[in-house]
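> Submitted below is the structure of interest, expressed as structure tokens.
The values are calculated or read from the model by the stated rules, or taken from the named source; none is laboratory data. As the structure is a computational prediction, the values presented were derived from the model and not from experiment. Please note: Cβ atoms are built from the backbone with ideal geometry, for glycine as well, and neighbour counts cover all protein chains shown.
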Amino acid sequence: MYPDSVIDSTTSLEDIYGSLLNQVPCLHGRNTVTELSGGLTNRNLLVQCEDAKYVARISSNSSSLLSIDRESEYRNSLLAAEIGIAPPVHCYLAGQGVLVIGYLDGRTFSSQDVAANLPRIAKSCRTLHSAKPFVRNFNMFDIQKTYLKIVQERKFRLPDNYLKYADQIIQMQKAMRVLDEGTVPCNNDLLPGNFIDDGEKIWIIDYEYSGNNDACFELGNIWAESFLELEKLEELVDAYYGAHRPEKVARAWLQALLGKYGWTLWASIQSSVSDLDFDFWAWGMEKYDLAQSEFSGSYFQKMLTQVTQK
């Protein structure tokens, strides 16, 4: 898990986080604390103890604006761990933003790894989606509206012409109601780095945005976050459903587009409030540029029709 990602010194991290870590019994007597890369709403610390390694996830102050509920993250992490698709949860300090999970030995995926392992990823998603219902729902149509309200009320930066696509969002929502099959427990944020391959199975980590959602949002988001070609979306969807399902491919494509549109505002909020050294605006504009081109292309209308035809 997270190979080649130590980026800070033990002393400074112990000085900063030692008092928090001391509240976690399993981290007493720790030998080293190093920082792991990744995480745009938290800091991930690798804690080496005498007989085991742990990851302490320490959340940032901006989480509440981003539709992250740390209590839900904790409880959903437990449910995912229960079925063996997520690492074990060892401790949660309610109100302090600290979640301690087990360390997984394995390779953290890149986009290339995702592209090369789509049938295995589909299998892991099916496992996750078979878990007991998560403790909240995640619907990007609703979350995008929440993000937009926050951006407008706080006068955060809004991308040019962002509101121009409101009609397309209404069309998407209407079309996807036709063959709606309900929700399953989803991670909802499957960037390549949230897959860990131990050589036997692919684990799924990081349940910040987890909630019950359309399975096709999960599949579309995986494809979009790895910037894969369209054929790879079809491969992933077909592997997940065990057959070629054009209406599901369309559904995943539309959900991916919805995600790009919604995460754009996530980036706007983060660029205004986060204290992390990361160019959130540029990250969001990359998604927004893709969304604009897809809203305006002929494929959008094709997918609106295809998603309604079984």
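> Which of the residues belonging to the range 161-186 are under 15 Å from GLN255 (Cβ atoms), part of a loop (DSSP other than H, G, I, E, B) and in contact (Cβ under 8 Å) with a residue 60 or more places away in the chain?
VAL178, LEU179
> Identify the residue in the range 266-286 that is more than 20 Å from ILE58 (Cβ to Cβ) and among the polar types (S, T, N, Q) and, among all such residues, is farthest from the chain's Cα centre (by Cα).
Filtering the range 266-286 for residues that are more than 20 Å from ILE58 (Cβ to Cβ) and among the polar types (S, T, N, Q), the one farthest from the chain's Cα centre (by Cα) comes out as SER272.
> With SER59, SER67 as the choices, which residue is within 16 Å of the chain's Cα centre (by Cα), buried (at least 16 other Cβ atoms within 10 Å of the Cβ), among the polar types (S, T, N, Q) and on the phi > 0 side of the Ramachandran plot?
Answer to the check: SER67.
> Can you confirm whether the range 226-236 contains a residue that is buried (at least 24 other Cβ atoms within 10 Å of the Cβ), not aromatic (Phe, Trp, Tyr) and not assigned by TED's automatic domain parsing to the domain that holds ILE58?
Within the range 226-236, the subset buried (at least 24 other Cβ atoms within 10 Å of the Cβ) is 236.
After this cut, where a residue has to be not aromatic (Phe, Trp, Tyr) as well, the list is 236.
With the extra rule that they be not assigned by TED's automatic domain parsing to the domain that holds ILE58, the set shrinks to 236.
Yes, the conditions are met somewhere in the range 226-236.
> Something else now. Look at the range 82-99 and say how many of its residues are among the hydrophobic types (A, V, I, L, M, F, W, C), without any contact (Cβ under 8 Å) to a residue 40 or more places away in the chain and within 23 Å of ILE121 (Cβ to Cβ).
Qualifying residue count for the region: 1.
> Continuing with the same structure: May I ask you to verify whether GLU218 is over 24 Å from ILE205 (Cβ atoms) and in a helix (DSSP H, G or I)?
Details: over 24 Å from ILE205 (Cβ atoms): no; in a helix (DSSP H, G or I): yes.
Here the answer is no, as GLU218 does not meet what is asked.
> Check off (1) buried (at least 17 other Cβ atoms within 10 Å of the Cβ); (2) under 17 Å from LEU66 (Cα atoms); (3) touching a residue at least 40 places away in the same chain (Cβ under 8 Å) for ALA267 and give me the number that stays unchecked.
Status for ALA267: all satisfied but (3).
> For the subset of the range 57-112 comprising residues that are part of a loop (DSSP other than H, G, I, E, B) and among the hydrophobic types (A, V, I, L, M, F, W, C), which member is nearest to ASP277 (Cα to Cα)?
In this case the residue turns out to be ILE68.
> Working only within the range 100-125, note down all residues that are charged (D, E, K, R) and within 26 Å of SER59 (Cβ to Cβ). So that I can check it myself, show each step before the final result.
First, the residues of the range 100-125 that are charged (D, E, K, R): 105, 107, 113, 120, 123.
Of everything in the range 100-125, those that are charged (D, E, K, R) and within 26 Å of SER59 (Cβ to Cβ) turn out to be ASP105, ARG107.
> Has the range 256-276 got at least one residue that is among the hydroxyl-bearing types (Ser, Thr, Tyr) and under 24 Å from GLN301 (Cα atoms)? Please lay out each step first, then the result.
The first filter runs over the range 256-276 and keeps only residues among the hydroxyl-bearing types (Ser, Thr, Tyr), leaving 261, 264, 268, 271-272, 274.
Those left that are additionally under 24 Å from GLN301 (Cα atoms): 261, 264.
Yes, there is a match, as at least one residue in the range 256-276 is among the hydroxyl-bearing types (Ser, Thr, Tyr) and under 24 Å from GLN301 (Cα atoms).
> Right, here's the next one. For the range 267-298, enumerate the residues that are farther than 18 Å from LYS164 by Cα and in a helix (DSSP H, G or I).
Taking the range 267-298 as the starting set, the residues that turn out to be farther than 18 Å from LYS164 by Cα are 267, 269-283.
The answer is ALA267, ILE269, GLN270, SER271, SER272, VAL273, PHE280, TRP281, ALA282, TRP283.
> Tally the residues that are surrounded by fewer than 18 Cβ atoms within 10 Å (Cβ to Cβ) and within 20 Å of GLY199 (Cβ to Cβ), restricting the search to the range 82-101.
Residues in the range 82-101 being surrounded by fewer than 18 Cβ atoms within 10 Å (Cβ to Cβ) and within 20 Å of GLY199 (Cβ to Cβ): 3 in total.
> Yes or no: ALA122 assigned by TED's automatic domain parsing to the domain that holds GLU229, within 30 Å of LEU230 (Cα to Cα) and in contact (Cβ under 8 Å) with a residue 60 or more places away in the chain?
Numbers: assigned by TED's automatic domain parsing to the domain that holds GLU229: yes; within 30 Å of LEU230 (Cα to Cα): yes; in contact (Cβ under 8 Å) with a residue 60 or more places away in the chain: yes.
In short, yes.
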